[in-house]
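Enquirer: Sending over a structure as structure tokens; questions will come in a sec.
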Amino acid sequence: MKPRFALRSSMPWWRGPALIAAAAFVSFLLSAIVVRWAGGAPISAFHYMFISPLQTRFGITESILSATPLIFTGAAVAIAFRAGYWNIGAEGQLLAGTIGATWVGIHAEPLPSIVGVPLILLAGMLFGALWALVPALLRTRLGIDEVVTTLLLNPVALLIISGLLNGPWRNSETGFPDSDVIAKSTQLPIIWPGTRVHLGLALGVIIIVLCWWYVGKMAGGLKLRAVGMAPGAARIAGLPVERTLLVAALVSGGIAGLGGSSEVAGVAHQLTTGISSGFGYTGVIVATLAALSFIGSLCVALLFGLITVGSFSASRALEIPSTIGEFVQSVLLLTVIAALVIQKYRVVWTRGKK
Amino acid sequence: MIDITQEIIGSSLRIATPLALAALGELVTEKSGVLNLGVEGIMYGSAFVGIATAAHTGSLTTGLIAALVTGAAAGLIFAFLTVTLGVNQHVAGLGLTLFMISFSNSANRIMFTSDGGQVRVDPWRPIDFGGPIFSQYWITYATFLFIVPLTWWLMRRSGLGLKIRAVGENPEAADVAGIDVTKTRYTAILIGSIYMAAGGAFITLAFVGSFTINIINGRGWVALALVIFGRWKIGRLLAGAALFSLINAGQLQLRLLPSFSNVPFEILLALPYLAVIIGLAVSGRNIPYPGAYLKPYKRH
């Protein structure tokens, strides 16, 4: 007897949600094993991770703060993937955005905030889009697969940051490889008084709504989805496939770059080599778990912000590794992508060799 | 001067060993039509499991075997997701990388660093056949004298290699010709993952002798770049690995000279990535991607 997967012709409505729930259950089970191994009680760890940050204002706002960059990278990945452009380079594009933002930030001393803030946001967006430009042109002009080119530019962006921070942008006071603090006039205002939640969150939500509205409701968005779902058919129908891909790639890079501005101008106020803890890569997980829906990406980003803050509090309280948060996220990705496919198939047992 | 040249060549062979192993593994995988972005994570996880096992058992050989088993297990997960289920290869690969890294970091913290320590073993020592060039780790000798010719034979001369290339070029035709596409792709992914694992284990068990966060430091991505730079040919791939390792080893020496101390070495480290992208741009439409690159196969 050999198992074979066959497409289901019909599917009861509960099968999809049930499989996702099963995937989540498996993820928690695996994470519980690691927590147990670390000498912690799994139930208590999950309480710290998912419940206790929601019980204090500080926990809630810090979770939102951690979610902010993921809102940008999640949206960036989702819009590119929707168009069938497999941008794995949100990490590099976000990092390029931090370079552009820092460049404006450390040279913008005399400007008023009304100029400084838009300028630093624009710089991040522009640098992010520029970073996305070369792989996008290689794909649309020469047909070169973008998965590897976008991915390989991620370490390059980090190396450039490291080169800048060890060279011209080295901190002029401490001599450490961090940039100087950016001008006050370019720092994003706090939008929730008494917390660290800054204008970046509002921008991220606006980006999500704009993407949802454009891709879901506008003619241009329909074209984008058509190119993503069936590029061959879209080309025959006379749609500008290459142009759509190029625009999607640049918009994706711009959104990721804006996320870089948001981190530099909203939280860190300077550039460091650790400015991104893999936000671009996590953005791929966020968008995938959201099945490339924008509103869904926002929700998953907020959930991941909660997990990030929660895993730190669990780590402090129970002395388990704080990397458990990343572990939960990656296991969720692997189990959910499996579940999403399995729900479409049924297993058929066949006799004999083939 | 001759001494310095010999030093540079000697150390570039060491630097090239994990890159060559991982890139050969990626080549075998990609030839079957599957892109494995898990390469960075497989190297990372195997590097960790290898040294953790070696530290517990006191045997480097046991550590290496554990690392290879880890690589095979990771490959099996990846093959199940991409071949059996047919999910996006880049998402599955990236997910596998993040999984292996977060697992290793968590396990490292639980097992070794919770009290501020670090896992260390007494690593394999270079075997000296005279001179800095011929004073290398046994894995380096094994890689270039045994694994490389074996892989060439596997891909170009063996029946399995023919099958791997067939399912990578045209799975429909291969299936009609009676080749089991699923089984062949599983085999290619498993072989590839074991190679990557050997590359990761080399770093902790021979090259460094300890495990620290970010120990692979993008070597998996360099390997990925080398496969494309080498246009899926073993000779060109090795030439790319040699070039990158020479630059890398050379810059360590150059930085000791006063006139070069101001050159940002990050530029040199970025070279392999940029070389691939420039190379791709120059080759334009003539890149010999495997025919079924990134395409899952489902029989209708």
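Enquirer: Output the residues of segment A:314-346 meeting this criterion: accessible area (heavy atoms, 1.4 Å probe) in the chain alone minus accessible area with all protein chains in place is 20 Å² or greater.
Expert: Residues passing the criterion (a loss of at least 20 Å², heavy atoms only) are A:Pro321, A:Thr323, A:Glu326, A:Phe327, A:Ser330, A:Leu333, A:Leu334, A:Ile337, A:Ala338, A:Val341, A:Ile342, A:Tyr345.
Enquirer: So who's got an amide H within less than 5 Å of the one on A:Leu271, skipping anything under 5 residues away but keeping other chains? H placed 1.01 Å off N, in plane.
Expert: Hits under the 5 Å cutoff: A:Ser179.
Enquirer: Using 7 Å Cα-to-Cβ label points, what is the B:Asn217/A:Asn166 separation (nm, one decimal)?
Expert: My value for the distance between the label points is 0.9 nm.
Enquirer: Counting only protein heavy atoms and a 1.4 Å probe, tell me what percentage of the protein assembly as shown's accessible area is made up of carbon and sulfur. Don't skip to the answer; put the middle values down first.
Expert: On the way: 18360 of 27350 Å².
So the carbon and sulfur contribution to the accessible surface is 67 percent.
Enquirer: Taking only Cα atoms, what is the 0 to 90° angle, nearest 10, from helix B:234-254's long axis to the longest principal axis of chain B?
Expert: On a 0 to 90 degree scale, this one is about 20.
Enquirer: Please state the relative contact order of segment A:254-324 as a whole percent: Cα pairs under 8 Å, 6+ residues apart?
Expert: Working: 28 pairs, mean separation 9.8, N = 71.
For segment A:254-324, the relative contact order is 14 percent.
Enquirer: Could you work out, for chain A, what percent of all Cα-Cα pairs fall into each 20 Å distance bin, beginning at 0 Å and stopping at the bin that holds the largest distance?
Expert: It works out to 28, 55, 16, 1, in whole percents.
Enquirer: Which value results when the Cα radius of gyration for segment B:16-218 is divided by 2.2 N^0.38 Å?
Expert: Normalised by 2.2 N^0.38 Å, the Cα Rg of segment B:16-218 equals 1.06.
Enquirer: Nearest 500 deg cm²/dmol is fine: what mean residue ellipticity at 222 nm does the protein assembly as shown get from its DSSP H runs of n ≥ 4 alone, each adding -39,500 (n - 2.57), divided by its residue count?
Expert: So the helix-based figure for the protein assembly as shown works out to -22000 deg cm²/dmol.
Enquirer: Return the average number of partner chain Cβ atoms within 10 angstrom of each residue Cβ along peptide A:158-167. Walk me through the numbers on the way to the answer.
Expert: Numbers: counts 4, 11, 4, 1, 5, 6, 2, 1, 3, 4.
So the per-residue partner count for this stretch is 4.
Enquirer: For B:Arg236, put the label point 7 Å out on the Cα→Cβ axis and report which residues of segment B:281-300 keep their amide N under 13 Å from it.
Expert: The answer is B:281-290, whose backbone nitrogens lie closer than 13 Å to the label point.
Enquirer: Using the basic label-point model (7 angstrom from Cα toward the beta carbon), what is the A:Ile51 to A:Ala21 distance in nanometres?
Expert: 1.9 nm
Enquirer: Between segment B:149-185 and segment A:145-219, how many Å separate their Cα centres?
Expert: Cα centroid of segment B:149-185 versus Cα centroid of segment A:145-219: 45 Å apart.
Enquirer: How many Cβ atoms of partner chains, on average, are near each residue of A:35-41 if near means within 10 Å of its Cβ? Show your work: numbers first, answer last.
Expert: Numbers: counts 2, 0, 4, 6, 2, 1, 0.
Mean partner shielding for this stretch: 2.
Enquirer: Looking at segment A:294-354 from every direction and averaging, what is the projected area of its Cα convex hull in nm²? Walk me through the numbers on the way to the answer.
Expert: Numbers: hull surface 27.6 nm².
Its average projected convex-hull area is 6.9 nm².
Enquirer: Please state the shape class of segment A:67-125: rounded when a/c is under 1.5, otherwise prolate if a/b exceeds b/c and oblate if not, all from the C-alpha gyration tensor. Kindly include the intermediate steps, with their values, before the conclusion.
Expert: Numbers: a/c = 3.08, a/b = 2.50, b/c = 1.23.
Judged from the Cα gyration tensor, segment A:67-125 comes out prolate (a/c at least 1.5, a/b above b/c).
Enquirer: Rounded to the nearest 0.05, what FRET efficiency do A:Arg346 and A:Leu29 have when you use their Cβ-Cβ distance and R0 = 25 Å?
Expert: 0.55
Enquirer: Still on this structure, please answer the following. With helices defined as uninterrupted DSSP H runs, which ones in chain A have an alpha carbon span along their own long axis of at least 24 Å and mean Kyte-Doolittle hydropathy of at least 0.5?
Expert: Long hydrophobic helices here: A:15-37, A:57-82, A:90-107, A:113-142, A:146-166, A:199-217, A:241-263, A:294-318, A:324-342.
Enquirer: Say R0 is 25 Å: what FRET efficiency, to the nearest 0.05, do A:Leu222 and B:Leu274 get from their beta-carbon distance?
Expert: Between A:Leu222 and B:Leu274 the formula returns 0.10.
Enquirer: A further question follows. Using square roots of five times the C-alpha gyration tensor eigenvalues, list the equivalent-ellipsoid semi-axes of the protein assembly as shown in whole Å, biggest first.
Expert: For the protein assembly as shown, the semi-axes come out at 35, 32, 27 Å.
Enquirer: Right, here's the next one. Rank these by accessible area, largest first, 1.4 Å probe: A:Cys211, A:Cys299.
Expert: A:Cys299, A:Cys211
Enquirer: Any idea what the relative contact order of chain B is, in percent, if you count C-alpha pairs under 8 Å spaced at least 6 apart?
Expert: 36 percent
Enquirer: Label-point separation (nm) for B:Ile127 and A:Ile190, each offset 7 Å from Cα along Cα-to-Cβ?
Expert: My value for the distance between the label points is 6.4 nm.
Enquirer: Which residues' amide hydrogens lie under 5 Å from the amide hydrogen of A:His198, considering only partners 5 or more residues apart or on another chain, with H built in the peptide plane?
Expert: Here A:Ile191 satisfy the definition.
Enquirer: Could you report the buried accessible area between B and A, both sides summed, computed with a 1.4 Å probe and given in Å² to the nearest 100?
Expert: Using a 1.4 Å probe on protein heavy atoms, the buried area is about 4100 Å².
Enquirer: Tell me, what is the Rg over Rh of segment A:204-278, with Rh the Kirkwood radius over Cα pairs? Mind dumping the intermediate values first?
Expert: On the way: Rg = 16.2 Å, Rh = 14.3 Å.
Checking Rg against Rh, the ratio lands at 1.13.
Enquirer: Which peptide among A:67-74, B:77-84 comes first, and what is the full order, when sorted by highest mean count of other Cβ atoms within 10 Å?
Expert: Final packing ranking: A:67-74, B:77-84.
Enquirer: Helix B:181-202 versus the longest principal axis of chain B: what is the Cα-based angle in degrees, 0 to 90, to the nearest 10?
Expert: That works out to roughly 0 degrees.
Enquirer: So, in Å, what gap is there between the alpha-carbon centers of segment A:53-110 and segment A:268-321?
Expert: 10 Å
Enquirer: Amide H neighbours of A:Tyr345 under 5 Å, at least 5 residues apart or on other chains, H built in the peptide plane: list them.
Expert: Close amide H contacts, sequence-distant or interchain: A:Arg8.
Enquirer: Something else about it: Considering only protein heavy atoms, what per residue accessible area in square angstrom results for the protein assembly as shown with a 1.4 angstrom probe?
Expert: Details: 27350 Å² over 654 residues.
I get 42 Å² per residue for this part.
Enquirer: Would you please put A:144-155, A:92-103, B:150-161 in order of how densely packed they are, using the mean number of other Cβ atoms within 10 angstrom per residue and starting with the highest? Don't jump to the answer; show the numbers that get you there.
Expert: On the way: A:144-155: 24.4, A:92-103: 30.7, B:150-161: 14.8.
Top of the packing list down: A:92-103, A:144-155, B:150-161.
Enquirer: How well do other chains shield peptide A:287-294, expressed as the mean number of their Cβ atoms within 10 Å of each residue Cβ? Could the numbers behind the result be given before it?
Expert: Values: counts 1, 6, 0, 0, 0, 0, 0, 0.
What the average comes to for A:287-294 is 1.
Enquirer: Could you go through segment B:87-104 in sequence order and give the Karplus-derived ³J(HN,Hα) for each residue, using 6.51 cos²θ - 1.76 cosθ + 1.60 with θ = phi - 60°, rounded to whole Hz, and x for Gly and Pro?
Expert: 6, 3, 5, 6, 5, 4, x, 4, x, 4, 4, 5, 5, 5, 5, 5, 5, 4
Enquirer: Then there's this: Helix B:39-57 versus the longest principal axis of chain B: what angle, 0 to 90°, nearest 10, using Cα atoms?
Expert: 60 degrees
Enquirer: Kindly sort A:His198, A:His47 by accessible area of their heavy atoms, largest first, with the probe set to 1.4 Å.
Expert: In descending accessible area the options line up as A:His47, A:His198.
The values are calculated or read from the model by the stated rules, or taken from the named source; none is laboratory data. These numbers come from a predicted model, not from an experiment. When we count neighbours, we look across all protein chains shown, and the Cβ atoms used for this are built from the backbone with ideal geometry, even at glycine. The accessibility values were calculated without ligands, DNA or RNA, using every heavy atom of the protein model including side chains. Shrake-Rupley method; radii C 1.70, N 1.55, O 1.52, S 1.80 Å.
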